[in-house]
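One structure is given below, encoded as structure tokens.
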Amino acid sequence: MAIEQKLITPAELRKQLLFGRDQIPDLEETVTVIEAINALKREKNAVVLGHWYMRDAVKLVADYLGDSLDLSRQARETTADIIVFAGVKFMAETAKILNPAKKVILPTLEAGCSLADSITGEDVRRLREAYPDAAVVTYVNTTAEVKAESDVCVTSANVKTIISKLPQRQILFIPDKYMGANLKAELPDKEIITYDGACILHETFTALDIPNIRKLMPGLRVLAHYECDPSIIAAADFHGGTNDMRKYIARETAAAKKSGEHLTFLMATECGLSSTIKNEYAQKGEDIEMVGPCNLCPYMKTVTLRNLRDSLRDEKPEILVPEHIRVKAYKALERMFELGEVRGDAK
Ligand code: CIZ
């Protein structure tokens, strides 16, 4: 399936840049950078795959926006010659693993991930020796080397479905300790062994006093990402991955429109998701109330329009994965697609 290049007119760009929550002190120069990116996309037959957590301005040049599961599906199927990943390194590596014939570019190598940094392939080999009967289930926020040592990869969107389908009772879930603890509570039939990794962004929500915030705000709906501490998940109205959160807000706002209830949303995740949702509603002429705190991922925010333009122009940094690692990591990702597809969940 070919992704259509999204090429917005300068007038529409100005409007959308002003809708977003990024500070744009140099509007006209920003429009010029976006136009340069669009020209490069056409010239080089390139697509930009963008994650929800990107800056609002960067999301304007994404031909496809989504969570890492959607983006990996797109990367697998694109007919473009170049994929520019407006995301972090593990996502760009995943694109290369799934579609090695394509040139995959990441705007900056600074775009890392604390979860991906928390575990190595050597650590996984050691854990396998300690737990020989366990299925090694690896969160997609990991390096290609770690994926290559795994039985199956998962994202926040499909983790529960996939673990439930595995024949093994013992599951070594790596590397996110919070998500592992949440899964332990939700899947009591499985013995879930966790590791010590954490997302530095979602960990910061641990101190959030949800019961007290609720007292101040009737109609508050709290949405927490799966990577949050179990105490936050227990106090939230809803938890899941980013796409699940978007669907929940769509459902709740539609129901509130009918009942006349006024809702306020608090999203315990990266600010990029709440700003995307707010912008989407604003463009339909609707307002949606969101209260803080959302938090910023310092890694996601290293991608800018300017380094994206330069990387596409120079076709670097290019993301490469050694073939012996790629073929093994590919198997763990393909197993994810095989076990994780629920009828109707593909876009
Ligand atoms: O899987 C992803 O895209 C991440 C990092 C978060 C989510 O829940 O979608």
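Since every read-out is calculated from the coordinates, none of them should be taken as a lab result. Note that the structure is a prediction, hence the values are computed from the model and not measured. With ideal geometry, Cβ positions are generated from the backbone for all residues, glycine too; neighbour counts draw on all protein chains shown.
Brief remarks on what is shown
- Using a cut-off of 29 Å between Cα atoms, the listed pairs LYS147/LYS184; LYS89/LYS328; LYS165/LYS284; LYS6/LYS147; LYS15/LYS41 include LYS165/LYS284; LYS6/LYS147 as exceeding that distance.
- Value of D in µm² per second that Stokes-Einstein yields for the range 202-291, Kirkwood Rh from Cα pairs, at 4 °C (1.567 mPa s): 97 µm²/s
- Legend: ranking of residues VAL146, VAL124 from fewest to most surrounding C-beta atoms inside 10 Å; resulting order VAL124, VAL146.
- Between ARG306 and THR204, the contour length at 0.36 nm per residue exceeds the alpha carbon distance by 33.8 nm.
- Listed by chain and number, the aspartates and glutamates whose alpha-carbon sits under 15 Å from that of LYS215, ignoring those within fewer than 8 places in the same chain, are ASP237.
- The range 202-291, relative contact order in percent, only Cα pairs under 8 angstrom and at least six apart counted: 29 percent
- Note on the chain: GNM, Cα springs under 10 Å; of PRO211, PRO230, PRO175, the largest mean-square fluctuation is that of PRO211.
- Binned Cα-Cα distance frequencies in the chain - 10 Å width, integer %: 5, 25, 33, 25, 10, 1
- Length gained on full extension, LEU109 to LEU320: 74.7 nm, using 0.36 nm per residue less the C-alpha separation.
- The alpha-carbon of LYS331 sits under 12 angstrom from the alpha-carbons of these aspartates and glutamates, leaving out residues fewer than 8 places away in its chain: GLU149, ASP151.
- Normalised by the number of residues in the range 146-206, the mean separation of alpha-carbon contacts (under 8 Å, six or more apart) gives a relative contact order of 29 percent.
- Label-zone membership for the range 299-339, site LEU187, 7 angstrom Cα→C-beta point, backbone N under 18 Å: 332-339
- Of the Cα atoms belonging to the range 87-201, the radius of gyration and Dmax stand at 14.2, 43 Å.
- Charges were assigned to the Cβ only: +1 to each Lys and Arg, -1 to each Asp and Glu. The resulting dipole of the chain about its Cα centre is roughly 600 debye.
- The chain: DSSP helices with Cα axial extent of at least 15 Å and average Kyte-Doolittle hydropathy no lower than -1.0: 27-44, 271-283, 323-340
- Among GLU286, GLU149, GLU93, the largest mean-square fluctuation in a Gaussian network model of the chain (Cα springs under 10 Å) belongs to GLU286.
- GNM on the chain, alpha-carbon springs under 10 angstrom: the most fluctuating residue among GLU191, GLU280, GLU12 is GLU12.
- Relative contact order [Cα under 8 Å, 6+ residues apart], the chain, whole percent: 22 percent
- In this rough spin-label picture, where each label sits 7 Å from Cα along the Cβ direction, the THR9-TYR131 distance is 5.6 nm.
- No Cys partner within the rule (Cβ under 4.7 Å), the chain: CYS113, CYS153, CYS199, CYS228, CYS297
- Separation of alpha-carbon centers, the range 128-154 and the range 14-28, rounded to whole Å: 42 Å
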